[in-house]
1. State whether one or more residues within region 22-30 are in contact (Cβ under 8 Å) with a residue 24 or more places away in the chain, under 18 Å from residue 207 (Cβ atoms) and touching a strand residue (DSSP E or B) at 6+ places or on another chain (Cβ under 9 Å).
2. Kindly provide the set of residues from region 304-349 that are over 17 Å from the mean Cα position of the chain (by Cα) and either over 29 Å from residue 263 (Cα atoms) or within 10 Å of the ligand (Cβ to nearest atom) (or both), ordered by number.
3. List the strands (runs of 3 or more DSSP E) that sit entirely inside region 65-143 and contain at least 1 residues that are within 14 Å of the ligand (Cβ to nearest atom) and within 17 Å of the chain's Cα centre (by Cα).
4. Of all residues being closer than 30 Å to residue 322 by Cα and in contact with a helix residue (DSSP H, G or I) (Cβ under 7 Å, 6 or more places away or on another chain) in region 69-96, which is surrounded by the most Cβ atoms within 10 Å (Cβ to Cβ)? Just the residue, please.
5. For residue 7, which of the numbered conditions (1) in contact with a helix residue (DSSP H, G or I) (Cβ under 9 Å, 6 or more places away or on another chain); (2) touching a residue at least 24 places away in the same chain (Cβ under 8 Å); (3) surrounded by fewer than 20 Cβ atoms within 10 Å (Cβ to Cβ); (4) in a helix (DSSP H, G or I) fails to hold?
6. Can residue 354 be described as away from the ligand (no atom under 16 Å from the Cβ), assigned to a helix (DSSP H, G or I), surrounded by fewer than 24 Cβ atoms within 10 Å (Cβ to Cβ) and at pLDDT 95 or above?
7. Scan (1) in contact with a helix residue (DSSP H, G or I) (Cβ under 7 Å, 6 or more places away or on another chain); (2) more than 14 Å from the ligand (Cβ to nearest atom); (3) farther than 23 Å from residue 242 by Cβ for the single condition residue 297 breaks and write down its number.
8. Does residue 39 fit the bill of being in a helix (DSSP H, G or I) and more than 16 Å from the ligand (Cβ to nearest atom)?
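The values are calculated or read from the model by the stated rules, or taken from the named source; none is laboratory data. What you are looking at is a predicted structure, and each value in this text was computed from that prediction instead of being measured. Here the Cβ positions follow ideal geometry from the backbone for every residue, glycine too, while neighbour counts run over all protein chains shown.
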Ligand SMILES: Cc1cc2nc3c(=O)[nH]c(=O)nc-3n(C[C@H](O)[C@H](O)[C@H](O)COP(=O)(O)O)c2cc1C
């Protein structure tokens, strides 16, 4: 299917499935264990109902908003996701460029396969850098300084991954990062000759901002990450990092009111409500169900970014109506990236943007500030 003919995110998902070897598609598409939370995130968003105000002048719809110090043309951002050059050779550059052209923020993952400097070249738009806490705090300080020098204005600390979730599709597919050359894997790859050709003829995929990558560390990316990942991280480390960054700072992976309060108490400017798209703790609640209590706990003291399960503009409007400042999307744009590089990401953004504008007109909200709790209800 031509990317321009995709009418919704599901169309891009199907196109991504056609373009990628199964193990790579499953890495994007899958979740933890029985994928209950993965499904629930979207199902619960859909179960919320939208209500409209009638007879409102909606000739001009203004979708602009501000979050993490960044002015956005649309109320959503591209969430940080790992290893984008594995999904399409243009990887992070393509996604960042599409975000920049649409006037929205791009989140670069710690496990990104493009340097902070190259991402900065790809987009003059707002950029946020996502971090985990490595054992070596010096390395964290170094990468934060590099990101800042390259023009990244926001930092995002992900806290819902003390260990990796159990993603059974990956285990069954013998998936490793980067993929190994076992016959079973090679067989999957040769069925997608275009992906294989592009991958084999482009520079080796490495975690470009990760310690060791530059020296050509022979270990797999998963091994490098496991060796550096600090499972003893606590609120003290998060406070240290907020201080080291000295700018807009989000704690990503919060799903409880007490943690939201604590994040603000230690100086974070933004609480990022997320369950990693159902890839981490299985059977945790859908994020839309915990959003209201977190909004109440934050009580206007900070900003709130919402993610997990968003596939439609109506999903975005519902999260805004319940009190999120902005929404982040993960898989929705990754399907586009896999299906068509920058054009595919732009198509995903366009689909969601059109949805948001239409939904705002239909509920009678002419700007983001007019979207209110009365517009959404749960039966
Ligand atoms: C393939 C993939 C890789 C991801 N990698 C990261 C990552 O490196 N860092 C991070 O904070 N979140 C990561 N996430 C989580 C996303 O930032 C986001 O929270 C999640 O995708 C939202 O759910 P959605 O995909 O349903 O929109 C990843 C998600 C996916 C699908």
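1. Taking region 22-30 first, the residues in contact (Cβ under 8 Å) with a residue 24 or more places away in the chain are 22-30.
The next check asks that each one be under 18 Å from residue 207 (Cβ atoms); those that pass are 24, 27-28.
Remaining after also requiring touching a strand residue (DSSP E or B) at 6+ places or on another chain (Cβ under 9 Å): 28.
Taking every residue of region 22-30 in turn, at least one turns out to be in contact (Cβ under 8 Å) with a residue 24 or more places away in the chain, under 18 Å from residue 207 (Cβ atoms) and touching a strand residue (DSSP E or B) at 6+ places or on another chain (Cβ under 9 Å).
2. Those that are over 17 Å from the mean Cα position of the chain (by Cα) and either over 29 Å from residue 263 (Cα atoms) or within 10 Å of the ligand (Cβ to nearest atom) (or both): 339, 340, 343.
3. In region 65-143, the matching strands (runs of 3 or more DSSP E) lie at 76-81, 106-108, 127-131.
4. Here is the first cut: in region 69-96, the ones closer than 30 Å to residue 322 by Cα are 69-82, 95-96.
Applying the additional criterion that residues be in contact with a helix residue (DSSP H, G or I) (Cβ under 7 Å, 6 or more places away or on another chain) yields 73-76, 78, 81, 95-96.
Working: 73: 15, 74: 23, 75: 26, 76: 32, 78: 27, 81: 23, 95: 34, 96: 29.
Looking at residues that are closer than 30 Å to residue 322 by Cα and in contact with a helix residue (DSSP H, G or I) (Cβ under 7 Å, 6 or more places away or on another chain), I get 95.
5. (4)
6. yes
7. All conditions are met except number (3).
8. Values: in a helix (DSSP H, G or I): yes; more than 16 Å from the ligand (Cβ to nearest atom): no.
Taking the combined requirement at face value, the residue does not satisfy it.
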